[in-house]
1. Residues to consider are A:Pro51, A:Pro102; find the one that is under 24 Å from B:Val37 (Cβ atoms) and either modelled with pLDDT under 95 or away from chain B (no Cβ under 12 Å) (or both).
2. Output the residue which, of all residues in the range A:162-179 that are more than 9 Å from chain B (Cβ to nearest Cβ) and in a loop (DSSP other than H, G, I, E, B), is nearest to the chain's Cα centre (by Cα).
3. Conditions first: (1) away from every other protein chain (no Cβ under 11 Å); (2) in contact with a helix residue (DSSP H, G or I) (Cβ under 9 Å, 6 or more places away or on another chain). A:His156 passes all but one, so which condition is the exception?
4. Which ones in the range B:24-60 are of a type in the set (Asp, Glu) and in contact (Cβ under 8 Å) with a residue 12 or more places away in the chain?
5. Mind counting the residues in the range A:28-68 that are among the charged types (D, E, K, R), touching a residue at least 60 places away in the same chain (Cβ under 8 Å) and either in a loop (DSSP other than H, G, I, E, B) or within 19 Å of A:Tyr181 (Cα to Cα) (or both)?
6. With surrounded by fewer than 21 Cβ atoms within 10 Å (Cβ to Cβ) and either under 26 Å from A:Ala179 (Cα atoms) or without any contact (Cβ under 8 Å) to a residue 12 or more places away in the chain (or both) as the only criterion, which of A:Leu118, A:Leu149 stands out?
7. Any chance the range A:113-135 includes a residue that's farther than 21 Å from B:Lys47 by Cα, within 14 Å of chain B (Cβ to nearest Cβ) and at pLDDT 95 or above?
8. Are any residues in the range A:34-65 surrounded by 18 or more Cβ atoms within 10 Å (Cβ to Cβ) and among the hydrophobic types (A, V, I, L, M, F, W, C), and if so, which ones?
Amino acid sequence: MRHFLSALLLLSATAFAADGSQLLQQQCAQCHALSAPPQTSIDRLWSRKGPDLYYAGDKFQRNWLVAWLQAPVRIRPGGEFYRHHLKDGADGDAIDETTLTPHVKLDKDSAVAVADALLALHTPAPVESGAYKGAAVSATMGAMFFGKLRGCAACHQDAPGKGGMSGPELYTASSRLNADYVYSYIKHPQAFDAHVWMPDAGLGESDLQRLTGYLMQLKSGAKP
Amino acid sequence: MKRLIAHSALALCLSPLAVHAGSAHPQAERNYDTYCVQCHGVHRNGKGINAAHMSVQPRDHTDSKAMSDVPDDEMFKAIKEGGLAVNKSILMPVWGKVLSDAEIHELVAYLRETCKCGK
């Protein structure tokens, strides 16, 4: 009888592990929005415990998701929300690493199941499908626009340790994100969250193609 | 007695007149804390977490001398249309698509308060 019970328990545990959307609800929903919030506000940004995932299906590449969920590494140097993780440094503000906790890790089966559940989330995200045309961008030109000319590097890193820290790193964008998401986000960040702290620079089509191309053609994690 | 002191200290903190920074523009202060601190710094001194990597340093908003040289209308334009619009660096972004004109006017007033260089 005991054996029968534990076998039953084991069974339900595996069945449960394979149910990605249930795992999402149970282990992830306390920090991540899995459906679009009725409204956004600055207060919501300040109280959010993790990035929104309700448009994950339009945002992420599957291979990256499956791998990252098993071995998560930091994407936002300052965490989410960066304002909660600042301290006085030697020369100005610094990130208080002690307040940044490691992300939950999943085993392989759960990671696959959760990735597929995430990829099924397509709540009206303003991603323009087919927007990115994929023309080749010279790395030198792209880097110049990302840095000096359009100022993206003030908040984002395009190589480890090179660039700002209040936005997510973008040196893994080409393996992490879908090109049309990158294009749409740069075009109008406020369409994803009306209060997000990335400004809308009002860029034209050639800038949008060039910057998206630069990021999507960057080798993930290349050294500066 | 201890409890009483703790309670009155709490009451003091909560009372709007005793807000630590004492800003007359709480909404602008909140916007500044959300959008501007990443570059201009928690202490409004131009030393935000992004500043170390920037080729042009964010303006120190507590510098009365430098800030008093910037007229209100230029400040408004710099915030709304970005650094380029006032012949400054592109690293000062365009905020006109995130903040309303009213919010930007209030930020200008808040900055005058912060630099102690009001007119």
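The values are calculated or read from the model by the stated rules, or taken from the named source; none is laboratory data. Bear in mind that the values here come from a model prediction, so they are computed numbers and not experimental data. Positions of Cβ are backbone-derived with ideal geometry, glycine not excepted, and every protein chain shown enters the neighbour counts.
1. Only one candidate passes the filter, namely A:Pro51.
2. A:Pro168
3. The single condition A:His156 does not satisfy is (1).
4. Selection gives B:Glu29, B:Asp60.
5. 3
6. Selected residue: A:Leu149, the only one of A:Leu118, A:Leu149 that is surrounded by fewer than 21 Cβ atoms within 10 Å (Cβ to Cβ) and either under 26 Å from A:Ala179 (Cα atoms) or without any contact (Cβ under 8 Å) to a residue 12 or more places away in the chain (or both).
7. No, there is no match, as no residue in the range A:113-135 is farther than 21 Å from B:Lys47 by Cα, within 14 Å of chain B (Cβ to nearest Cβ) and at pLDDT 95 or above.
8. A:Leu53, A:Ala56, A:Phe60, A:Leu65
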